[in-house]
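Read-outs: derived from the displayed coordinates by stated rules, not from any lab. In this text the structure is predicted, and so the values were computed from the model without any measurement. We place every Cβ from the backbone using ideal geometry, glycine too, and count neighbours over all the protein chains shown.
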Amino acid sequence: MKMSNMLISTLREVPAEAEIDSHKLMLRAGMIKKMAAGIYNYMPLGLKVLKNVENIIREEMNGAGAQEFLASAMIPAELWQESGRWDAYGAEMFRLKDRGERDFCLGPTHEEVFTDIARNEIKSYKQLPLNLYQIQTKYRDERRPRFGVMRSREFIMKDAYSFDKDQEGLDLAYDKMHDAYVKIFNRCGLDAKCVAADSGAIGGSNSAEFMVKSEVGEDDVVFCSKCDYAANIEKAHSPAEKEEKQEFKEVNKVETPNVKTIDELVKFFNTNEKRFAKTILFNADGKIVAVMVRGDREINEVKISNAIGEITSLELANSEEVRIATGADVGFAGPKGIKVDMLLVDEEIANMYNFIVGANETGYHFENINYGRDFEGIIGDYRNVTEGEKCPVCGGKVTIARGTEVGHIFKLGTKYSEAMNANFIDEGGKEKPFIMGCYGIGVTRTMASIIEQHHDDNGIIWPLAVAPYHVSVIPVNIKDEEQVRVANELYNNLISMEVEALLDDRNERAGVKFKDSELMGIPMRITVGKKIGEGEVEFKLRDSDMEVVKIDEVCNIIKNEFEKNNIKLK
């Protein structure tokens, strides 16, 4: 492509709306243009990168035995009502009606659609296993779109669904997708770590995320410093601390006027946070749920939601709801005598002795409360893991880093097939539900994550496999006929080798051309200047120093770069 023919508009200044590097650079390099909050147009340069990422995904999915398919983005409400998710999905779903007042949605995800395809097309176990995938635009009405295409309201996603006759088949499909994902992210130049994850709104028994470490990531990821254990904070677990056994002491009611917070209580009782159990109340779809964790711990709302079951919203109870449940103002809730629909007790609380809680009376707390004697509840893991705790696998210390999810794989089991009556006839002639798996990759998010990991002060540094163009050929002076001739000859030679070459034939200063090439992240640059009289040009890798090379050696040098990156040329 000749740059004089390209639709491209690079920016020197950082747009005010951009917060993170990938968003800034995609706008500055002219790859995307904002149309509305969380909605972007992909310009030619950005679309080329997007298609390169899609092609890598497509090649590895096909290699793993999946078949490509394309579903409609507009889905009738009836399918979602069958699965029970029409009301449960929440405000993120774009809902619309046709002229006949029939309900539809713009697909935020496609479990129901693929399940519907399977129940209509697959009748016998002889047609299994089957894995279908699509690369398609999804729609989610994010409350706060941010970070460019990292969290947008319209995004491109690869979603795949496997259908098997038994759990063994699902396990095999899941492992195949895991391996395919490893290859995909490696080929994209991404350092992505597979971590245990919560299944969230998708559901299912088991899931794992592919996370990219990022300072601007929206998830906390727990890593073991000794073994391979890694998990999203929503799923991460650490063995509960246990106190040495003590004799139960007599309950003591203490007046604590205007002492509500843990910090205030620590000073009042002259002790530490670990001697307290705090009780937090939530409204879960109208049910009042109390959750107890140790005074120095943070509640994990995802774990709470999973413990409660199918709910659409979980919010902190308001002051009136707290008063009805406890008879007291906010800040004095405790488990003894509380009136709630459910009391969830973190496992750490059950291993404590003679601790301090609210007395369900304004201005009072209880000392020497013990689980089992003074109250009971549903024991479980309801807290966030913290830095330095023990790994649940090997006992080593865990660390916590920010991460961005680029892929997610699920073992759905029969969650959707049973709800939607999607069955097949097995070897014995009996009707059974499909055993399903679900496998997603955020294509646009992957593109942005590559930039987050591969950039410098001058712009993007695209890995060769996903770059919009592989080489930029820059004649320093387009009025010099010999420079233009040599540049065109090199450009044509590269095109014949199936190298994506960019000829910067614009009437601009060389410095402008160099800056644009670096900003756009072109992996290799050939500068055609005065040294052509000596049969030489300048060659530069995007992240290396420039070197002077012979003109007749340039194509071989470029070919070697492709070989180093395991990319085949003609």
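Here is how the numbers come out for the structure above:
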| read-out | value |
| --- | --- |
| Kirkwood hydrodynamic radius (C-alpha pairs) into Stokes-Einstein, the chain, 4 °C and 1.567 mPa s, D in µm²/s | 47 |
| Under 17 Å from residue 411, Cα to Cα: aspartates and glutamates that are on another chain or at least 8 residues apart | 111, 112, 159, 164, 166, 168, 171, 175, 179, 198, 209 |
| Mean separation of Cα contacts under 8 Å, 6 or more apart, over the residue count of the range 528-570: relative contact order % | 25 |
| Qualifying lysines (Cα of each under 26 Å from Cα of residue 274; at least 8 residues distant if same chain) | 235, 242, 245, 249, 253, 260, 303, 336, 339, 390, 397 |
| DSSP H segments from the chain that extend 27 Å or more along their own axis, Cα-based, with Kyte-Doolittle mean of -1.0 or above | 44-63, 167-187 |
| Orphan Cys of the chain, criterion: no other Cys C-beta under 4.7 Å | 105, 188, 194, 438, 555 |
| DSSP bridge pairs, the chain: antiparallel proportion in percent, nearest 5 | 80 |
| Tensor-based shape of the range 469-564 (alpha-carbon gyration tensor, a/c under 1.5 rounded, otherwise prolate or oblate) | rounded |
| Rg over Rh, two decimals, the range 252-380 (C-alpha only, Kirkwood Rh) | 0.94 |
| FRET efficiency, residue 253 to residue 121 (Cβ-Cβ, R0 60 Å, nearest 0.05) | 0.35 |
| The range 297-342 shape via C-alpha gyration tensor axes, a/c threshold 1.5 | prolate |
| Sequence-distant residues sharing a close amide H with residue 217 (under 5 Å, placed H) | 403 |
| 5 angstrom amide H check on residue 103, placed H, neighbours 5+ away | 77 |
| For the range 156-165, 3J(HN,Hα) per residue [Karplus equation, 6.51 cos²θ - 1.76 cosθ + 1.60, θ = phi - 60°, Hz, x = Gly/Pro] | 9, 9, 9, 10, 10, 9, 9, 10, 10, 8 |
| Net charge of Cβ neighbours under 15 Å - reference residue 212; Lys, Arg +1; Asp, Glu -1 | -3 |
| Proximal lysines relative to residue 430, as straight alpha-carbon distance under 21 Å, when same-chain residues fewer than 8 apart are discounted | 123, 126, 165, 415 |
| At R0 = 22 Å, FRET efficiency that the Cβ-Cβ distance of residue 567 and residue 179 yields, to 0.05 | 0.60 |
| The chain, helix-only ellipticity at 222 nm - DSSP H runs n ≥ 4, -39,500 (n - 2.57), divided by all residues, nearest 500 | -7500 deg cm²/dmol |
| Stretchable slack from residue 560 to residue 544, in nm (0.36 nm times residue separation minus alpha-carbon distance) | 4.2 nm |
| Highest-first arrangement of 92-100, 530-538, where packing means the average Cβ count within 10 Å | 530-538, 92-100 |
| Translational diffusion of the range 66-210, µm² s⁻¹ [Kirkwood Rh, Cα pairs; Stokes-Einstein; 25 °C; 0.890 mPa s] | 144 |
| Total formal charge among the other residues, if their Cβ is under 13 angstrom from that of residue 79, Lys/Arg +1 and Asp/Glu -1 | -3 |
| Amide hydrogen neighbours beyond the local backbone of residue 92, cut-off 5 Å, H modeled | none |
